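As structure tokens, the structure follows; a few thoughts come after it.
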Amino acid sequence: MYRGVFCLIFLAALSTSCTRATGPLSRPAQAFLLDLEYRHSPYPSDELGRREQQCERTAPDGLALPRLNTNRPLFVRWQLGEGSPLARALQKQTSWMVLDQSQKDGPYDLLYVDRDLDGALADESSLRCDAEAEGGERHFRYIRLAAPPGRPEAKYCLNVHIRDRADAKVVRLEAACWYEGRLALEGREYQCVLADANANGQFGDTSPNPYKADIIRIAPADAARRPDAWTDRTLHAVGRCVDVEGKLYALGIEPDGTRLQLTPAGPLPLGRVRANRAIVELSLAGTQGHFYCRAEEGVIAIPGGEYVVHRWCMERQDKESGRLWRLIGGVEPSSDAPGLRVLVKERKESVLDVGEPVLALVRCRSTGQDHYLEHEFVGRLGERVTFLVDGQPAPAPQVRITNADASYDRTFSLEPG
Ligand SMILES: [Ca+2]
Ligand SMILES: [Ca+2]
């Protein structure tokens, strides 16, 4: 089995530590404004993000509970952003959920959510999980919170997934809603999608760890709806600035997600990052923004700040065939270890040690008479690496297995999947 990883999306994380991108918007004369519309789906795109956290065994003081079947309920703390309309309606930043069992010693298949945002669970009816469990997870999808009277902005859609193992009771909270709209920007139309990737009910969060930030996609309106994750340059962890086709804009986002503002940024003081000479592109993300930079001789210029490496790309042309090989490394997101950090000082040069050598790892797993081979390419930081040839996935690697007297000699193709 070939365990290739073709996904470089930013996944949001355990912690809710984040900072706001902006306060309420004030409009400079040259700003581009966009009103965004609310969208929701029980099956949101992966890029909308999610966060994982442990369940808790005890209820907070004063939480009004429904009548539960189980005497071992699990509690889920949903930490909301300070500027979230949900927190304003609730008048506090923590909303609670409780998981129940319909049958003694059965799975946690019932969930109570404070859908009317009154701070109580006693008035809520139970939600039952989907019949199908996948990958050891049970799913409560499309939980729609009802905006209280007078607070139409306090609407939200949430998916809750529970991994219910003996050793771990973990929930994954996932925004099942987002905001989007069309933006005319200097003669061109763009599709904007704004996601609450850290699932805290608030839009426009930045973070030093971009995997805990929210996400914005600004793509030409005629671009593919789901671009290839390895080569996409339209998806950005939210930061102070956003790069739209080479031009920098200061980014403003209303915390309720309804409005976006882009203001042309003046010249920003830049620093340089020097990487391997074969690096042709570096993608770095931090509170300043998330930038996809073309490199010259392995060097990029980028606004000063602290960044996390999101992706790097090397290119090499086959002299005989003329085919262009691209080697792309993506740093896997993780909750508290976002990967390699690089500090960029204005008018100074930093060194970033990424690129070759790349290791081809093969693991063998046996279950009785069946043997499974898992393979992946890994960079020097442990990042996942993929190969493209003329823009297409490279042919699957092969493994030849033989024994001492060659009575067994077979070659396997390690296809993805
Ligand atoms: Ca309630
Ligand atoms: Ca958020």
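What full-extension length gain, to one decimal in nm, is calculated for Ala122 and Gln103 as 0.36 nm per residue of separation minus the Cα-Cα distance?
Values: separation 19, 0.36 × 19 = 6.84 nm, distance 1.99 nm.
Separation in residues times 0.36 nm, less the Cα-Cα distance, equals 4.8 nm.
Assign one of three labels to the stretch 42-175, namely rounded, prolate or oblate, based on the Cα gyration tensor with a ≥ b ≥ c the square roots of its eigenvalues; rounded applies when a/c is under 1.5, prolate when it is not and a/b is larger than b/c, and oblate otherwise. Don't jump to the answer; show the numbers that get you there.
On the way: a/c = 1.74, a/b = 1.27, b/c = 1.37.
Taking the square roots of the gyration eigenvalues as a ≥ b ≥ c, the stretch 42-175 is oblate.
How far, in nm, would the chain grow between Gln398 and Glu320 when pulled straight, counting 0.36 nm per residue and subtracting the alpha carbon separation? Display every interim value, and only then the final one.
Details: separation 78, 0.36 × 78 = 28.08 nm, distance 2.22 nm.
That pair, Gln398 and Glu320, stretches by 25.9 nm at full extension.
Within the listed set Thr402, Thr206, Thr58, the residue fluctuating most in the Gaussian network model of the chain (springs between alpha-carbon atoms under 10 angstrom) is Thr402. Annotation for the stretch 95-132 versus the stretch 229-246: alpha-carbon center distance of 38 Å. Relative to the Cα centre, the charge distribution of the chain, modelled as +1 at Lys and Arg Cβ and -1 at Asp and Glu Cβ, gives a dipole magnitude of about 580 debye. Multiplying the residue separation of Arg163 and Arg144 by 0.36 nm and removing their Cα-Cα distance gives an extension gain of 4.7 nm. With 24 Å as the limit, the listed pairs Lys92/Lys155; Lys104/Lys169; Lys155/Lys247 have Lys155/Lys247 beyond it between alpha carbons. Extent along the principal axes, Cα only, for the chain: 71, 70, 36 Å, with the longest axis given first.
Throughout, read-outs are computed from the coordinates displayed, never taken from laboratory work. For clarity, every value in this text was computed on a predicted model and none was experimentally measured. Cβ coordinates were reconstructed from backbone atoms using ideal geometry, including for glycine residues, and neighbour counts include every protein chain displayed.
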